[in-house]
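Below: one structure, written as structure tokens.
The values are calculated or read from the model by the stated rules, or taken from the named source; none is laboratory data. Only a predicted model underlies this, so the values are computations on that prediction, with no experimental measurement involved. We place every Cβ from the backbone using ideal geometry, glycine too, and count neighbours over all the protein chains shown.
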Amino acid sequence: MKKPKIAITYNLKRLTKESGLKTNDTEAEFDSPHTINSIRTALEDLGYTTVALEANANLAHELKKGRIELAFNIAEGQRGLNREAQVPALLELMGISYTGSDSKALTITLDKALAKKVVAEAGIPTPQSFVAHNTENFGRHKFKYPLIVKPVAEGSSKGIMLTSVVHDNKQLCDAVQHNIKRYKQPALVEQYVGGREFTVGMLEDKSFEVLHPMEIVFLKENFPIYSYASKIDWQEYLRYDTKPELTKAQAAKITNYAERAFRALGCRDVARIDFRMDKQGRLYFLECNALPGLSPEWSDLCVIARAAGLSHQDLIERIMRPALRRLEQERKK
């Protein structure tokens with residue numbers, strides 16, 4: 001197969017720690033120049049010609065002008081509750097193959113409430129929750145404090161902070177109002193599950209591989225959460241354990257739930273799924289990131305892959321291969 005020219009489709013993170021990234025999560029999901037260049041270097045070292053295209057209003061024109069057949073997509077989208085699906089939908093319209101999940105799966109997984117319903121229907125436990133469009137009629141929901149409040153359709157821990165864990169009605173109302181006002185969307189109110197947190201990376205090539213679970217070990221707080229602040233200054237708040245202490249039964253359950261959730265949500269190629277395990281050992285699905293970060297040094301999936309013996313270039317190649325096969329099939333039509 002003749003190697004195609006590859007467009008890396010992305011949204012650029014322009015903020016830095018020095019220019020306000022710590023307190024402004026507007027660009028939390030976007031990718032830094034370093035990440036984009038690392039992916040580009042990995043692809044070019046594999047022998048591909050690449051072009052980096054920002055996912056803005058000019059993207060369709062640039063894709064057509066560049067005669068692009070395949071896109072390595074990491075674009076998060078700029079606005080709207082379906083933003084992660086915007087670039088994949090455009091690529092589908094233009095007949096361009098691309099890496100990762102399709103527009104339908106990305107719409108479902110970005111909507112945390114919808115993803116939880118899909119996964120629950122597949123028989124995977126997930127914490128009880130409800131979607132709050134305002135602060136009225138909380139009384140009709142049966143829940144026990146503590147709860148956690150988060151935007152219903154954000155990633156990269158946007159909107160998740162220490163005040164997101166609430167312990168009474170006033171804190172709940174304040175957190176819901178803040179989310180609705182700040183993120184212009186409903187809030188997901190979820191039963192807080194204490195215990196251990198795990199994230200699982202998955203790669204779907206010719207065969208399906210669930211990489212070994214990684215534990216997010218919290219170093220502070222009585223009710224720890226994987227917050228935006230903890231991701232920015234992770235050395236202060238967290239420790240990543242790529243070889244967590246798990247029984248064979250626990251590891252098998254996490255692997256089983258991860259694969260079932262991946263299938264139920266319609267993901268393809270790559271994803272990362274988060275779980276909580278309570279003190280009784282019960283496992284709960286939290287969310288699925290079907291467009292996981294690929295920053296070589298610190299993105300969860302890259303840390304997990306490195307522990308599995310995969311270099312950053314290996315990981316990029318593994319994500320690429322299914323898309324290449326889809327392109328080859330298209331060329332034969």
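Kindly provide the set of residues from segment 51-74 that are more than 20 Å from residue 14 (Cα to Cα) and not in a loop (DSSP other than H, G, I, E, B), ordered by number.
Matches in segment 51-74: 60, 61, 62, 63, 64, 65, 70, 71, 72.
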Q: Tell me which residues, restricted to segment 137-170, are within 24 Å of residue 29 (Cα to Cα) and of a type in the set (A, V, I, L, M).
A: 148, 149, 152, 153, 160, 161, 162, 165
**Q.** Inter-residue pairs, beta-carbon under 8 Å, first closer than 16 Å to residue 271 by Cα and in segment 308-329, second among the aromatic types (Phe, Trp, Tyr), 6+ apart
**A.** 316/72; 319/72; 320/72; 323/72; 323/98
Q | Qualifying position, being surrounded by 21 or more Cβ atoms within 10 Å (Cβ to Cβ), of a type in the set (Asp, Glu) and either on the phi > 0 side of the Ramachandran plot or out of contact with any strand residue (DSSP E or B) (no Cβ under 9 Å at 6 or more places or on another chain) (or both), among 25, 45, 31 | A | 25
**Q.** Every residue from segment 169-200 that is assigned to a strand (DSSP E or B), surrounded by 19 or more Cβ atoms within 10 Å (Cβ to Cβ) and of a type outside the set (Val, Ile, Thr)
**A.** 187, 188, 190, 196, 197, 198
Q. Just wondering, is there one or more residues in segment 280-289 that are acidic (Asp, Glu) and in contact (Cβ under 8 Å) with a residue 40 or more places away in the chain?
A. yes
(Q) Which count do you get for residues in segment 122-168 that are in a helix (DSSP H, G or I), touching a residue at least 60 places away in the same chain (Cβ under 8 Å) and either surrounded by 21 or more Cβ atoms within 10 Å (Cβ to Cβ) or over 21 Å from the mean Cα position of the chain (by Cα) (or both)? (A) 1
Q. Which one of these is in contact with a Cys (Cβ under 8 Å, 6 or more places away or on another chain) and of a type outside the set (Gly, Ala, Ser): 245, 204?
A. 204
Q: Within segment 106-121, work out how many residues are in contact with a Pro (Cβ under 8 Å, 6 or more places away or on another chain) and without any contact (Cβ under 8 Å) to a residue 12 or more places away in the chain.
A: 0
Q: Look through segment 75-87, keep the residues that are small (Gly, Ala, Ser) and not in a helix (DSSP H, G or I), and return whichever of them is surrounded by the most Cβ atoms within 10 Å (Cβ to Cβ).
A: 75
Q. When you go through (1) modelled with pLDDT of 85 or more; (2) outside any strand (DSSP E or B) one by one for residue 15, which number turns out not to apply?
A. (1)
Q.
Residues to consider are 55, 75; find the one that is among the small types (Gly, Ala, Ser), more than 21 Å from residue 262 (Cα to Cα) and touching a strand residue (DSSP E or B) at 6+ places or on another chain (Cβ under 9 Å).
A. 55
(Q) Just to verify a result, which residue in segment 279-322, among those that are hydrophobic (A, V, I, L, M, F, W, C) and assigned to a strand (DSSP E or B), is surrounded by the most Cβ atoms within 10 Å (Cβ to Cβ)? (A) 288
Q. Applying the selection to segment 201-221, what residues are touching a residue at least 12 places away in the same chain (Cβ under 8 Å), under 21 Å from residue 320 (Cβ atoms) and surrounded by 12 or more Cβ atoms within 10 Å (Cβ to Cβ)?
A. 201, 202, 203, 204, 205, 210, 211
Q | Odd one out for residue 200, checked against (1) more than 20 Å from the chain's Cα centre (by Cα); (2) in the same structural domain as residue 233 (by TED's automatic domain parsing) | A | (1)
